Ligand code: FES
């Protein structure tokens, strides 16, 4: 059986639309972004070679990795170009009572 836990990350207003930020939680580095009003949270690690994605370039919904320019669509976490079809690890996200929360486990 897998135990899933709901964890509060930060206040909702801490992430503005079109912004990327890194957040450390329980030994994990997370990439938090808001696109078209909706918050998304991914592991802050490129699946190709481990670069921290918070220093990447965001163009609309497309995130370009700072190391080798791989790119992912942050609406889904799916790769846009190549990357051996490796998607970003995505967390389930909720906004509740003015806070951003994720599900782990
Ligand atoms: S480390 Fe991200 S594309 Fe190479």
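Quick note: the coordinates plus some simple rules give every number you see, no bench work behind them. Please read all numbers here as calculations on a predicted model, not as lab measurements.
At a glance:
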read-out	value
Region 9-79 - percent relative contact order, Cα under 8 Å, separation 6 or more	19 percent
Column: log10 I(q)/I(0), Debye, Cα scatterers of the chain, q = 0.12, 0.15, 0.17, 0.19 Å⁻¹	-0.37, -0.58, -0.74, -0.91
Segment residue 99-residue 17, extension gain: residue separation times 0.36 nm, minus the distance between their alpha carbons	28.0 nm
Selected from 61, 51, 14 as most flexible by GNM, with the chain as the system and alpha-carbon contacts under 10 Å	14
Where only alpha carbons of region 1-49 are counted, the Rg and the Dmax (Å)	12.1, 37
